[in-house]
Amino acid sequence: MLGLTASIANATVLINVPGIGATGQSSATSLAAVYDPTQSLWSQVDNAGVPDGATAIFSESIIAPITGNATHIQWGGIGNAGYGFVVGVWDLSVASTNGLGGMPGIPATFGNSNITGTQIAQLSLPVSQITTSAAGGGVTHFDAVIPSLSLTAGHNYAVSIVAVSTGWAPEIAQNCASANYTGCIMSGTGLGASTLYIMGALAPIFHAAPIAFQFTNDVVVTPAVPPVINTSSLPAATAGVAYTAAISSTVPAGDNATVTVTGLPAGLSFNQTTNTITGAAGVIGTFNVRITVADGTTGLSTSTSLSLTVNDAPVAFAPVNLPDATTNSAYTATFNVATGGYGSFTYTATGLPAGLTITSNTISGIPTVAGSYPISLTATDSAGTSSIPANISLNVINPVAAPVACSGTQAVVTAYLPRNPGYITVNGGLNLLDHLWTTNLNSSNTTFNGGLLNWYATGDIVSWTGTVDPTGCILSQLTVSPRVAISTTTLPNGVTGTIYSAPITIAWGVKPYTTTVLGLPTGLSFDGVNITGTPMVAGSFTVSVNTTDSVGVSAASVPLTLTVSAPVISSFSTNLPSATVGTAYSGTVSAIGGYGTLSYGATGLPAGLTLTGKNIVGTPTTAGTYSVAFTVTDSLGTQASTSSSITVASAVSTSGPSCTKPATGATGGLNSKGAITAIFGNVISFNTTVKGVVIPVSVTVPACAKITWNGGAKAFALGQVFEWNGYSSAATGNVAQSVTIN
């Protein structure tokens, strides 16, 4: 194929052809093309092997590609440079029975019948496809490109070229007398002085003067070299073990090689990037591995078969320890599985006690006879490879009677012996299991609660677990708690008439408790948990608390002091404004604290005033300053006192001229009152309330109005209570005829 390399073998090829003399007459001389490996030249010789005067010169490489599928051919000869040519190509490595005939101008029987080949191309080359130039000595140099010529590497080829003059038929005259065309005159219709050339591996035929021919090519065609597989053997593999083996091959420099490997055992694969067999074989045996190296450049490939042996991995069986078995009791023990080997494992055991069997890696069953049994365990893989026996021992023991448990909770210690071995007696020791042996106790299995100092005492409460012994209960765990005790040591003070609550706390012992509290003051009682109620008597009281737990242990009585104090009247105040003779008065007294209803008393009030509840009311009749003593008493008789003074001023009246209501257009008899909010000359403004509605009022006080000043006032001021009587008209507005200021 084009692009691959090939060469002509170093040998002499003799092909008998008729010779043509200088005069164009037949000659007895036979010519042949001889390849001289020392000179890389083709020469024209006679039958005796003597070089003829005319020489046909050829290059060693007859044909070769230049670009793509095109083949470049050059030759020289005496002839018209305007000739066209017909080119024939034969593959001499493919035998044919018709010799080298079949080309226009070449009879089918031409040549030596021992030299055969198969024609692979017949191409007409017009003048336009041939480049010519003068080569000197009357010889013309011809240069042509033959497209799409497919060659096979390693084959020898022959080329014939027939020169055809325009309009001349490329054929040989049929008047030759010899069957092999010896002595034929190369003449005939259309031939004239044209020259017929047969070139390549065939000797040329000359019609006139000697002619030289030369074939050249751009790329030397050399024989293709098949790939070489350098790897001659494969190392053995072990099943389940990582494996690697490199495949080495050689191809001509610059060629691309592809390596394929088939027939590998399961678990192994070939990496074409690294040309390495890798993996871990999953089967054992001997495998025929086929390796093929293909040259992507020449198309040649080489294959070989190598043997790969996968061996079984050793079977490893680690020693095992079996737990003891008990006669007549179900037994199961699983030991470690074997490693290595191939496939799955089966296990065998010799020396098993009666009643036990082995299944896979488990020994199970019900042993019937006690004893110590030496056992030999063996693991065998799927390929029949066995491990070294593992020798172990299995003890079968008779059952031990299960201990009988003994236990108790919240029992009272009635006696104890604090030495080793010591004991504790509970509940009076009336029963065997009321005797608790402390032989096996220590700090890790003994708990002391309530601040007990790692010892026991009569009346303590214990809970325990242990096992029954002919002498009692051998303790394995013990919890010791103090006997019942009253934790409350003080009581909060109380106040008569005030709700009181104080808890009584009982600790340890065994709940529930029965508790009594004696000596409580009137109004207080004990509900089983708290002292509650409202004390009604003040004083210091001695309270006795007694309790007994559910197992009959009593706590020591605790005397407690309860102090109940009388309530305190924490605040006593008065609100006593100044008074004016003849003017209604109102003042108050108030107190905070005490118990129940508070009662107030007063002495030294001004004439006309009285104390009702905590209010001082009335109309004073006599001016002066009065010192008043006040008292307050609660429901329990607790009393507090204070004193204050009340000033009573004389009434002041100012009378102006008579203010007469206008005869017409005015409404008389008007009056209202309120605290002064604004003063604009003699116009007084205040707010009054009528049926819950606040109404602003402005009143003009003329000079004729009669003004009564109370409380020592001498002039109008904000905040004074302004009360007026008078009239109102559209022209005058509200006009006061009389005013009272309080």
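Here, each number is a calculation from the coordinates, and none is a lab measurement. Small disclaimer: the values here were computed from a predicted structure and weren't measured. Using ideal geometry, Cβ is built from the backbone for each residue, glycine included, and neighbour counts are taken over all protein chains shown.
For this structure, a couple of remarks:
- Spin-label model, Ala318 to Gln122: label points 7 Å out along the Cα-to-beta-carbon direction sit 8.6 nm apart.
- Over region 278-430, equivalent-ellipsoid semi-axes from the Cα gyration tensor in Å: 66, 21, 11
- 4 °C / 1.567 mPa s Stokes-Einstein diffusion coefficient of region 405-481, Kirkwood radius on C-alpha pairs, µm²/s: 108
- Amide N of region 339-372 lying under 12 Å from the label point, which is placed 7 angstrom from the Cα of Ile397 along Cα→Cβ: 371
- Chain lengthening between Thr490 and Thr732 when straightened (0.36 nm per residue, less Cα-Cα): 78.9 nm
- Note on Thr458 and Leu433: with the Förster distance fixed at 22 Å, the Cβ-Cβ geometry gives a FRET efficiency of about 0.70.
- Within straight-line reach of Lys511, meaning a Cα separation under 29 Å, there are no lysines at least 8 residues removed in sequence or on another chain.
- Normalised by the number of residues in region 572-652, the mean separation of alpha-carbon contacts (under 8 Å, six or more apart) gives a relative contact order of 37 percent.
- In nm, spacing of pseudo-spin labels at Ser329 and Ser344 (7 Å Cα→C-beta vector): 3.3
- Efficiency of FRET between Ser248 and Thr286 - r from beta-carbon atoms, R0 30 angstrom, step 0.05: 0.85
- Computing FRET efficiency as 1/(1 + (r/R0)^6) for Ala675 and Ser599, where r is the C-beta to C-beta distance and R0 is 51 Å, gives about 0.90.
- Lysines with Cα under 16 Å of Lys673, excluding same-chain neighbours fewer than 8 positions away: Lys691, Lys706
- Contact order relative to length of region 315-397, as percent, for alpha carbon pairs under 8 angstrom and 6 or more apart: 39
- Compared with the alpha-carbon gap, the fully stretched path from Ser476 to Ser382 is longer by 28.4 nm at 0.36 nm per residue.
- Inter-label distance for Thr357 and Thr522, nm, one decimal - labels placed 7 Å from Cα along Cα-to-Cβ: 9.6
- Cα gyration tensor, region 540-590 - rounded (a/c under 1.5), prolate or oblate: prolate
- Translational D in µm²/s for region 228-311 (Stokes-Einstein at 10 °C, 1.306 mPa s, Kirkwood Rh from C-alpha pairs): 121
- Normalised radius of gyration (Cα atoms, divided by 2.2 N^0.38 Å) for region 483-554: 1.17.
- When Rg and the Kirkwood Rh are both derived from Cα coordinates, the Rg/Rh ratio for region 652-741 amounts to 0.95.
- Packing rank of 602-608, 335-341, where each peptide gets the mean count of other beta carbons within 10 Å, highest leading: 335-341, 602-608
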